[in-house]
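The structure under discussion appears below in the form of structure tokens.
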Amino acid sequence: MNLRALYCLLLVGTVAVFCRENKGHISVVLVGATGDLAKKYLWQGLFQLYINEVHSGHSFSFHGAALTPPEKAEPLLFDALKSLGCPADVNPDRCALVKDQFLKLTRYRQLKTAENYTALHQDILTSLAEEGLHEAGRLFYLSVPPFAYADIAQNINASCRPPSGAWLRVVLEKPFGHDYESAKKLANTMRTFFREKEIYRVDHYLGKQTVEQILPFRRRHQKLLDPIWNRHHVERVEIVMKETVDAKGRTSFYDEYGVIRDVIQNHLTEILTYVAMEVPRNLTNADDILRAKLELLGSLQSPQHNSAVIAQYQNYLTQVREEMENGQKYFTKTPTFAGVLLYIDNARWEGVPFLLVSGKDLDERTSYVRVVFKDNSFCVLKESKDETVKSSCQPKQIIFHIGNGALNFPAVLVTRSLFKPNFPSSQWKEVSEIPDISVFGQPVSDYHVYSPSQERDAYTSLISNIYRGRKGSFVTTKNLLASWKFWTRLLENLNNETPRIYPGGAENGALLDFVIEQMGLRFVTDEHLEILGMDQKTNAFASVQSVFLGNTMVSNWAEPLIETLAQDVQTAAEEAVKSKGTFHLALSGGSSPIALFHRLAKHHYGFPWKHTHLWMVDERCVPFTDADSNFGNLERHLLQYVRVPYVNLHPMPVDRKRRLCAEEDEGTEEYALEISALVSNSSFDLVLLGLGNDGHTASIFPFFKDGITGDKLVVFSESPLKPKHRMSLTLPLINKAQKVSVLVLGKGKHDIITLISRAESKPEKWPIFGVKPTSGQLIWYIDYDSMFR
């Protein structure tokens, strides 16, 4: 059956209906026809277009194209086409017929060379000439990575444009650049080959039914909304897209873009314009919509250094290393969560916070716009639970629920105390059976709830708009560059920020919660503020500061003492990084620091690990895999949970040439040279020591003169306990440090604390007395069990 016959014969039940004269032929070419996006959405969208338009007077042909040879690609393509389905309102017999027609009209084409494009063009012209049809338009949908756009565009322009009088529409999928400059470069490339009216940049969120409804909703209710849709009545606007999935399987893309480029710069910003822009009088005029969008984007206040909070889910680094085969030395600051605060500098929105939030591996999948209104009312008369019309004291909000979430369907919700909205009955319906759920603190029954009469996929809507030439639902070049101009400034501000690490899912708790403070954002669970808050609320967490052996002493019960020490370590790290770019921390072995390691790993997400060098104060002469290894303990209890660059780790070289602590292997000299080369003046920023029951510290034991005095930086020593052989920093090297902290925990340390508090200062007998920083500070951290038993 030829194209004309397929076009003209349409069965409705058992009746043959012959169509009117053909208005022209539409050739659709889907490049990337066997890719994931095409299989999941695009072929179904094209099939839906055919179902809707087969009787409109146009005829169609569909060409699935890719680089793959036909013998490999054709089976993949037709496997995807077999799964196509019709909406529920389409008669099954008609569905079967139309699907059969669609399959017969679809062919695979290999488009790899310029000659392939020339051949496609000639085949289309020849086929139409044989059928006596003229071409009305040609649509190229490029479902390929952006780096392929230029070559494809050149070939389309050179040899595959439709004849004069027919339209050309070229559809592009995001990402449209990585920043302002790359977006501008890509836009200039496309301008070389196509006119602006021929380019359709898809943001699929603009095809979602609730998003499509924002501007018509505002236009229909303009008389009701204008008095309250402004800074005098709106408390804040939230535009949110949360995902439960992570980036696994697509980290090669995600690590280059991150959450702001992937979601916020495009989807959420486009929605922002619909919510905040001035509504054009004519919503069918794409130029009017573009002008309003550009005016709004131009009114965004420049982002500040604190305009955003960013975070990264805990397993992201591991996934990146595995999928990109980068190895253990690779680290990334790519954010997978971001909250961004925007302000708009115009008369309507001045001072109103707009929050754009998105993230992966969160507690729920949902997307919505929430407009929260100020509430200055006080109601004297109590409200009845049975009231159907709510009073003015009820919280007021309008929610454009885009999808998923507790409702699990697209909807518009308006608090009953605001007004009852009006929707075209043919497209939207009031929800009569309200689920028993709460929406932002209110029972869903407190809202007027409207949903689409028939749900449809976003791509179905967008493909229909492309076919009809409706440019208002697509991202123009000016729109794109205006958006990137704003977001590039923010991304540059965030370049040096380290994202907070979060565990993912429901375990995130309040870790990602943030507050607006001084026109910026900060995480609620800031460690320093959390500790101050506890100090103010209860004396149970108040650390006693006093003096011990002439130096500062901090004492408390073990847990809050460790919290204080951890915060002091972070403060020292931040000061060092701020002043000189790096922080050199030397850690002693034994059991005492393990609690500190746990605290740093689980609570100090803002610690500057990327700029931290970790050194060992002492090490036992055992392999690192041995349970007695100090570095092994450090790795097990801290390093596997935090992001310290591999080159910043400095274990003591106790295992050389397959021998342990052999003097002839010169391990102590090697470590001393490494310290001298990397640590300025061999002065660590902070050294953490413990205290042994015999008065030793590090692995410097009583009557061991080489470690107590002399010129050596690193020495071998012997312990009275197994494992006997050790390597240790000497006290002269330790005393060069800027800060030295001595941590003493547990009832077992009560006797030695009591003894040295009364004894004469003799370092050779009790080496801890030899810890006297020459120009730095010594602080004792002693828990109550050690002091009072």
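Here are some notes:
- By DSSP, the beta bridges lying fully in the chain are antiparallel in about 50 percent of cases.
- Relative contact order, percent, the chain [alpha-carbon distance under 8 Å, six or more residues apart]: 10
- Between 0 and 90 degrees, the angle of helix 114-131 with respect to the longest Cα principal axis of the chain falls at about 30 degrees.
- Potential lengthening of the chain between E760 and K420 amounts to 113.9 nm, from the contour at 0.36 nm per residue minus the alpha-carbon distance.
- Accessible-area value, I437, 1.4 Å probe, nucleic acids and ligands omitted, Å²: 50
- Cβ-Cβ FRET estimate between W557 and E325, R0 fixed at 35 Å, reported to 0.05: 0.15
- Taking the average, over residues, of other Cβ atoms within 10 Å as the packing measure, peptides 698-705, 297-304, 199-206 rank 199-206, 698-705, 297-304 from highest down.
- Shape of the stretch 249-380, Cα gyration tensor, a/c cut at 1.5: prolate
- Given charges at beta-carbon only (K, R positive; D, E negative), |dipole| of the stretch 101-168 in Debye: 180
- Selection from T476, T113, G509 lying farthest towards where the dipole of the chain points positive, charges on Cβ: T476
- Calculated [θ] (222 nm, deg cm²/dmol) that DSSP helices of n ≥ 4 give over the chain, each run adding -39,500 (n - 2.57): -9500 deg cm²/dmol
- Taking the Cα centre of the stretch 612-733 as reference, the dipole from Cβ charges on Lys and Arg (+1) and Asp and Glu (-1) amounts to some 320 debye.
- Reachable aspartates and glutamates from K772, criterion Cα separation under 20 angstrom, eight or more residues apart if same chain: D568, D618, D685, D694, D706, D711, E760, E764
- When the charge dipole of the chain is built from unit charges on Cβ atoms (+1 for Lys and Arg, -1 for Asp and Glu) and taken about the Cα centre, the candidate among P767, H603, H750 whose Cα reaches farthest toward its positive end is H603.
- Extension gain from I228 to T709, taking 0.36 nm per residue of separation minus the Cα-Cα distance: 165.4 nm
- Each Lys and Arg Cβ is given +1 and each Asp and Glu Cβ -1; about its Cα centre, the chain then shows a dipole of about 1960 debye.
- Helix axis angle, 527-537 relative to the chain longest principal axis, alpha carbon, degrees: 70
- All lysines inside 16 Å of K82 as judged from Cα atoms, apart from same-chain residues fewer than 8 positions distant: K39, K40, K99, K104
- Summary value for the stretch 217-297: 24 percent relative contact order, contacts being C-alpha pairs under 8 angstrom separated by 6+ residues.
- Highest-first arrangement of 740-749, 257-266, 88-97, 218-227, where packing means the average Cβ count within 10 Å: 257-266, 740-749, 218-227, 88-97
- Against the main long axis of the alpha-carbon atoms of the chain, helix 43-53 sits at an angle near 30°.
- Positive-end ranking of S591, S579, H613 along the dipole of the stretch 557-652, with charges on Cβ about the Cα centre, is headed by S579.
- For D457, the accessible surface of its heavy atoms amounts to roughly 60 Å² (probe 1.4 Å, protein chains only, rounded to the nearest 10).
- For the stretch 47-159, the relative contact order is 31 percent, taking Cα pairs closer than 8 Å that sit 6 or more residues apart in sequence and dividing their mean separation by the residue count.
- With a Förster radius of 30 Å applied to the C-beta separation of D568 and E492, the computed FRET efficiency comes to 0.40.
- Computed on protein heavy atoms with a 1.4 Å probe, the accessible areas place T488, T552, T192, T118 in the order T192, T118, T552, T488, largest first.
- Mean accessible surface per residue for the chain, computed with a 1.4 Å probe while every protein chain stays in place, in Å²: 45
- Those aspartates and glutamates that a straight Cα-Cα span of less than 20 Å connects to K185, excepting residues fewer than 8 apart in one chain: D151, E173, E196, E198, D203, E256, D262, E492
- Accessible surface of E278 - all protein chains present, 1.4 Å probe, nearest 10 Å²: 80
- Shape call, the chain: gyration tensor on alpha carbons, a/c limit 1.5: prolate
- By accessible area, using a 1.4 Å probe on protein heavy atoms only, the chain has 50% of its surface on carbon and sulfur.
- Cα gyration tensor shape of the stretch 632-727, rounded if a/c is under 1.5, else prolate or oblate by comparing a/b with b/c: rounded
The values are calculated or read from the model by the stated rules, or taken from the named source; none is laboratory data. Values in this document were obtained by computation on a predicted structure and should not be read as measured data. Note: ideal-geometry Cβ built from the backbone for every residue, glycine included; neighbour counts use all protein chains shown. The protein model used for the area step is the full one, side chains on, heavy atoms only, and it has no ligands, DNA or RNA in it. Shrake-Rupley method; radii C 1.70, N 1.55, O 1.52, S 1.80 Å.
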